[in-house]
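Notes to accompany the following structure.
Values quoted throughout were computed directly from the atomic coordinates according to the rules given, and no laboratory measurement underlies them. What you see is a predicted model, and the numbers here were worked out from it, not measured in a lab. Note: ideal-geometry Cβ built from the backbone for every residue, glycine included; neighbour counts use all protein chains shown.
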Amino acid sequence: MSKTISYEKKENIGLLTMNRPEKMNALSEELTNELEELLTELEKDDELRVLVITGAGDKAFVAGADIQELVDRDGIAGRKVSRFRQELFSRIENLPVPVIAAVNGYALGGGLELALACNIRICSDKAQFGAPEVKLGIIPGDGGTQRLPRLVGLGRAMEMILTGDFIDAHEAYRIGLANRVVPFENLMDETMKLAQKIASRPPLAVKYAKDAVNRSVEGSTGSGYDLESYLHALSCTTEDKKEGVTAFLEKRKGEFKGK
Ligand code: COA
């Protein structure tokens, strides 16, 4: 029986709640171990269609790593914890079913990183997001430096990670971190509606689509440049390119044929 997380399944939708409200649902070692055990079960659940993750209480989704446990974390332990949590969050990102974060309140540090590992984020108007690690003299270790820039762009991610400042729900929506903002009291209803809609779609198509979309952000920058260069070269061989360049130089509107 888990002490720090709770899980229930309504029909084919799972609801996982981080359950340490007195500590703002901070990610303790105990909590992440219990999360790992539960994930192992969920990965085997063929009836599950969508997983929703939220935080207990009305203040926090997850307020980050348990700062008490940071006191004695040396370099070796830091590497171990970081690798463990990176892998744990990647398992969430790649769970066979879509994972929706219902961000009720603070999503800070590891809590932001957990929300980022979820496939979709719905947030309440009380939610706040931030990467305050730098203020503690550390850097994010649960995948945040890689996932945040992919979602919101390099400049915005850099600002959040270098300042540690929080942003509110509306700013999170504006920059693409949150899919939508809903009133706090409607958060679970709205999230469940979305979960039910996805659960009503053909499960295999949903699974394959999720895998394909996740794959879109993989691959090295080098191979991206390589592909870009090939496609640039290909575009240089088209009739439309000849027409476009000529039309510009002749100060007229180009007429394109798609050839
Ligand atoms: N780890 C451990 N305990 C935490 C915690 C964390 N990440 N975040 C909050 N808590 C604890 C507080 O110590 C406090 O415990 P106490 O009542 O035993 O003293 C309790 O949760 C309530 O937090 P409190 O700070 O009193 O609430 P608040 O409403 O004033 O502020 C936050 C809320 C989330 C803004 C603030 O707690 C905070 O900044 N937390 C740390 C966030 C952070 O840096 N996370 C990244 C860690 S790498």
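How much of the pair distance distribution for the chain lies past 24 Å, counting alpha-carbon pairs only, in percent? Mind dumping the intermediate values first?
Numbers: 17639 of 33411 pairs.
Summing the P(r) tail past 24 Å for the chain gives 53 percent.
On full extension of the chain, what length is gained from GLU190 through ARG91, given 0.36 nm per residue of separation minus the C-alpha to C-alpha distance?
Details: separation 99, 0.36 × 99 = 35.64 nm, distance 2.49 nm.
Result: 33.1 nm gained on full extension.
Starting at the first residue of segment 204-209, write each ³J(HN,Hα) from the Karplus equation 6.51 cos²θ - 1.76 cosθ + 1.60 with θ = phi - 60°, in whole Hz, x for Gly and Pro.
5, 4, 4, 5, 5, 4
Would you mind computing the Rg to Rh ratio of segment 85-159 from its alpha-carbon coordinates, Kirkwood style for Rh?
Numbers: Rg = 12.0 Å, Rh = 12.6 Å.
Ratio of gyration radius to Kirkwood radius: 0.95.
May I ask which of LYS44/LYS207; LYS126/LYS207; LYS135/LYS210 have a Cα-Cα span longer than 25 Å here?
Values: LYS44/LYS207 14 Å; LYS126/LYS207 31 Å; LYS135/LYS210 35 Å.
With Cα atoms farther than 25 Å apart: LYS126/LYS207; LYS135/LYS210.
Neighbour counts of other C-beta atoms within 10 Å: give me MET188, MET160 arranged from fewest to most.
Values: MET188 18, MET160 25.
Arranged by neighbour count, lowest to highest, MET188, MET160 become MET188, MET160.
So, how do all the Cα-to-Cα distances of segment 1-68 break down into 5 Å bins, in percent, from 0 on up?
4, 18, 28, 23, 16, 9, 3, 0
Would you give the gap between the C-alpha center of segment 93-110 and the C-alpha center of segment 1-44, rounded to a whole Å?
12 Å
Relative contact order (percent) for segment 88-152, with alpha-carbon contacts under 8 angstrom and 6 or more residues of separation?
Working: 91 pairs, mean separation 22.3, N = 65.
Value for segment 88-152: 34 percent.
log₁₀ I(q)/I(0) of segment 50-178 at q = 0.15, 0.18, 0.20 Å⁻¹, via Debye over equal Cα point scatterers, no solvent, to two decimals?
Treating every Cα as an identical point scatterer, log10 I(q)/I(0) equals -0.65, -0.94, -1.17.
Treating each Cα of segment 108-259 as an identical point scatterer and ignoring solvent, apply the Debye formula and state log10 I(q)/I(0) at q = 0.10, 0.11, 0.18 Å⁻¹.
-0.58, -0.67, -1.06
At a Cα cut-off below 14 Å, give the aspartates and glutamates reachable from LYS80, other chains included and same-chain residues fewer than 8 away excluded.
LYS80 reaches GLU29, GLU69, ASP72, ASP142.
Defining a contact as two alpha carbons under 8 Å apart and six or more residues distant in sequence, what relative contact order in percent does the chain show?
On the way: 425 pairs, mean separation 40.0, N = 259.
Relative contact order of the chain: 15 percent.
Longest span of the chain, sites excluded, free of GluC sites (Glu not before Pro) in DSSP loop with at most 16 other C-beta atoms within 10 Å?
On the way: sites that count: GLU11, GLU43, GLU47, GLU218, GLU250, GLU255.
Here the longest run is 48-217.
Please arrange HIS232, HIS170 by how many other C-beta atoms lie within 10 Å of their C-beta, fewest to most.
By the 10 Å Cβ count, ascending: HIS232, HIS170.
Hey, can you grab everything whose amide H is under 5 Å from the amide H of VAL50? Only 5+ residues off in sequence or another chain; H modelled, so Pro and N-termini drop out.
GLY14
Would you mind calculating the gained length between LEU234 and LYS23 on full extension (0.36 nm times residue separation, minus the Cα-Cα distance), in nm to one decimal?
On the way: separation 211, 0.36 × 211 = 75.96 nm, distance 5.65 nm.
Here the segment from LEU234 to LYS23 would lengthen by 70.3 nm.
Please state, as a whole number in µm²/s, the translational diffusion coefficient that the Stokes-Einstein equation yields for segment 81-129 at 25 °C and 0.890 mPa s, with Rh defined as the Kirkwood radius across alpha carbon pairs. Can you show the working numbers first?
Numbers: Rh = 11.1 Å.
Using the Kirkwood radius from Cα pairs, D works out to 222 µm²/s.
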